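Q: Here it is: the structure, laid out below.
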Amino acid sequence: MSLPSLIQMMSQLIATPSISCSQASWDQSNKAVITLLESWLTQLGFRCEVLPIANQKDKFNLIATLGEGTGGLVLSGHTDTVPYDQGRWQSDPFKLTEREQKLYGLGSCDMKGFFAIALDAIKSMADVPFEEPLIILATADEESSMSGARALVEAGLPKARYALIGEPTSLTPIYAHKGIMMERIEVRGKSGHSSNPKLGVNALDTMHTVISDLMQFRQELKNEYSNTDFLIDYPTMNLGCIHGGDNPNRICGHCDLEFDIRTLPGMDDDHLIQAIQTRLANIADQTGTQIEFNRLFPAVPAFATSRNSDIVKACEQLTNKSAQTVAFATEGAFLNQLGMETLVLGPGSIDQAHQPNEFIALDQIEPMQNVIRSLVKRYCLNE
């Protein structure tokens with residue numbers, strides 16, 4: 001049985017829902033997408049391993065390998081998508097739709113389309129004896145907890161010399177991005193009648209102190225860390241949302257704050273958390289409140305591959321573009337932890353990702369396939 005066409009593969013992938021989300025009402029299994037990829041890759045002669053993710057119901061990674069050796073190339077992507085805005089799509093998000101030289105659908109650029117593009121690019125090369133392995137890696141839950149990439153690090157798989165992650169970068173090589181940490185602070189005071197402040201302990205008052213201290217810490221981080229490779233060349237802290245109290249005439253008994261920190265490569269996430277916890281403990285002692293600190297998600301580390309890496313230089317030459325940095329996070333740091341020199345480069349724009357009417361432009365497909373074939377020849381065929 002021959003491999004489906006590129007459009008057929010992309011259509012089937014997009015027609016197979018695989019949303020990952022922190023909200024259980026949205027979260028879905030990615031097994032059906034993994035099964036599709038496994039069937040196509042098996043036809044091409046790849047050895048496929050489907051790996052269940054511990055403590056994640058119906059979530060799986062796929063490692064498909066063609067060839068043997070200790071070097072080689074990984075082409076990596078995630079199988080999940082974000083949720084979609086019902087009623088805001090001009091077409092069915094689960095039906096690949098072409099109009100105005102663009103292919104629309106949920107995951108078309110972020111990033112199910114990459115798998116169809118990659119498989120179509122390499123199908124004519126699969127019968128050639130590989131001197132080093134080509135590995136297709138498909139992960140789960142990149143859009144939420146990144147549990148798929150974390151499981152790979154724990155397992156120590158896969159192994160290769162180089163890796164390319166096909167996230168939408170408008171075909172621009174990306175060698176570094178910031179990390180992201182998402183945290184929650186809960187202040188518990190004591191409610192009471194607002195006519196007498198002595199009847200309670202106001203959690204909002206304490207949160208005011210917490211916020212002032214965090215803003216001071218934010219400035220300290222900006223003064224201490226800098227990397228001019230990034231457009232925003234310092235670590236950022238965003239105080240994203242706050243909830244507290246229930247009525248103007250009651251002393252606020254409970255207040256929550258959620259915030260993120262975007263770290264530069266080389267920063268120690270654990271050190272940052274310890275510094276914040278020490279500050280919060282001091283405030284709790286001073287105010288007589290209880291302050292709890294909780295992580296919304298495990299941190300995604302900052303990512304950086306040397307600009308002198310061969311894969312960076314090769315992709316700069318292939319795309320005729322200088323390697324850049326971005327603010328959004330990928331699985332790059334996890335692949336680096338596995339010992340691979342990793343680059344992020346893919347078709348489509350991040351501006352279309354996570355948006356209604358997500359699309360990939362048709363004129364991005366052939367240039368991406370040329371990059372893929374060139375890298376396979378370079379790292380797997382030693383040409």
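Q: Of the conditions (1) more than 20 Å from the chain's Cα centre (by Cα); (2) surrounded by fewer than 24 Cβ atoms within 10 Å (Cβ to Cβ); (3) not basic (Lys, Arg), residue 352 clears all except one; give me its number.
A: (1) is the only condition that residue 352 fails.
Q: Considering only the stretch 220-234, how many residues are within 17 Å of residue 276 (Cα to Cα) and either in contact (Cβ under 8 Å) with a residue 24 or more places away in the chain or hydrophobic (A, V, I, L, M, F, W, C) (or both)? Outline the logic, then answer.
A: Looking only at the stretch 220-234, we keep the residues that are within 17 Å of residue 276 (Cα to Cα), and these are 220-225.
Filter once more, keeping what is either in contact (Cβ under 8 Å) with a residue 24 or more places away in the chain or hydrophobic (A, V, I, L, M, F, W, C) (or both): 221, 225.
Total meeting the criteria: 2.
Q: Please count how many residues of the stretch 349-383 are in a loop (DSSP other than H, G, I, E, B) and of a type in the set (D, E, K, R).
A: As a first pass, look at the stretch 349-383 and keep what is in a loop (DSSP other than H, G, I, E, B): 349-358, 380-383.
So of that shortlist, the ones also of a type in the set (D, E, K, R) come out as 351, 358, 383.
Count: 3.
Q: Considering only the stretch 58-85, how many residues are part of a loop (DSSP other than H, G, I, E, B) and within 23 Å of the chain's Cα centre (by Cα)? It would help to see each step written out before you state the result.
A: So in the stretch 58-85, the residues part of a loop (DSSP other than H, G, I, E, B) come out as 58-59, 67-72, 79-80, 82-85.
Next cut, within 23 Å of the chain's Cα centre (by Cα) only: 58-59, 79-80, 82-85.
Adding up the residues that qualify gives 8.
The rows are residues; the columns are (1) crowded, with 17+ Cβ neighbours inside 10 Å; (2) outside the structural domain of residue 169 (by TED's automatic domain parsing); (3) touching a helix residue (DSSP H, G or I) at 6+ places or on another chain (Cβ under 8 Å); (4) touching a residue at least 24 places away in the same chain (Cβ under 8 Å).
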{"site": "92", "(1), (2), (3), (4)": "no, no, no, no"}
{"site": "106", "(1), (2), (3), (4)": "yes, no, yes, yes"}
{"site": "110", "(1), (2), (3), (4)": "yes, no, no, yes"}
{"site": "118", "(1), (2), (3), (4)": "yes, no, yes, yes"}
{"site": "125", "(1), (2), (3), (4)": "yes, no, yes, yes"}
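Q: Scan the stretch 189-229 for residues that are under 18 Å from residue 287 (Cβ atoms), among the aliphatic types (A, V, I, L, M) and assigned to a helix (DSSP H, G or I) and jot them down.
A: 199, 203, 204, 207, 210, 211, 214, 215
Q: In addition: Need pairs with beta-carbon distance below 8 Å; first residue among the aromatic types (Phe, Trp, Tyr) and at pLDDT 95 or above and within the stretch 33-56, second crowded, with 18+ Cβ neighbours inside 10 Å and not in a loop (DSSP other than H, G, I, E, B); sequence gap 6+ or separate chains.
A: Every condition considered, the pairs that remain are 40/9; 40/119; 46/64; 46/65; 46/66; 46/136.
Q: In addition: Have a look at 238, 247, 294 and point out the one that is at pLDDT 95 or above and in contact with a Lys or Arg (Cβ under 6 Å, 6 or more places away or on another chain). If you could, list the steps in order and put the result at the bottom.
A: Details: 238 fails: in contact with a Lys or Arg (Cβ under 6 Å, 6 or more places away or on another chain); 247 fails: in contact with a Lys or Arg (Cβ under 6 Å, 6 or more places away or on another chain).
Residue meeting the stated conditions: 294.
Q: When you look at residue 366, is it surrounded by fewer than 22 Cβ atoms within 10 Å (Cβ to Cβ) and in contact with a Lys or Arg (Cβ under 9 Å, 6 or more places away or on another chain), yes or no? Spell out the reasoning first.
A: Details: surrounded by fewer than 22 Cβ atoms within 10 Å (Cβ to Cβ): yes; in contact with a Lys or Arg (Cβ under 9 Å, 6 or more places away or on another chain): no.
No: the conditions fail for residue 366.
Q: Going by what's in this entry, would residue 73 be described as over 15 Å from residue 332 (Cα atoms) and either crowded, with 21+ Cβ neighbours inside 10 Å or not assigned by TED's automatic domain parsing to the domain that holds residue 22 (or both)? Spell out how you get there, then give the answer.
A: Details: over 15 Å from residue 332 (Cα atoms): no; either crowded, with 21+ Cβ neighbours inside 10 Å or not assigned by TED's automatic domain parsing to the domain that holds residue 22 (or both): yes.
For residue 73, the condition - over 15 Å from residue 332 (Cα atoms) and either crowded, with 21+ Cβ neighbours inside 10 Å or not assigned by TED's automatic domain parsing to the domain that holds residue 22 (or both) - is not met.
The values are calculated or read from the model by the stated rules, or taken from the named source; none is laboratory data. These numbers come from a predicted model, not from an experiment. Don't worry about glycine lacking a Cβ; one is built from the backbone with ideal geometry, like all the others, and counts go over all protein chains shown.
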